[in-house]
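No value in this document is a laboratory result; all are computed from the given coordinates. Keep in mind it's a predicted model, so treat the numbers as computed, not measured. Note: ideal-geometry Cβ built from the backbone for every residue, glycine included; neighbour counts use all protein chains shown.
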Amino acid sequence: MKTNNTELNQHTIAAFAALKTAIANSEEQLVKELLDKQPMQDIEKSYLIDLAKLNNNHTIIAMLEGIDVKK
């Protein structure tokens, strides 16, 4: 059972890293695909919005602001 959880955590970390890179590179389509309308933690969402604001990419900022927060 630990193996599946470890693999899931590694996938989640890799997906978040890919999302950060796509935001930093202003790759709007890739960001849209990676977000996949899944909720995320508030701290993750805030961090990604701040990252998008560095590039002043209003489209990506809007996409991120539309994501629900996990409770």
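Laid out as a table, the results:
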item: Lysines with Cα under 24 Å of Lys37, excluding same-chain neighbours fewer than 8 positions away; result: Lys20, Lys45, Lys53, Lys70, Lys71
item: Inter-label distance for Lys20 and Ile43, nm, one decimal - labels placed 7 Å from Cα along Cα-to-Cβ; result: 1.3 nm
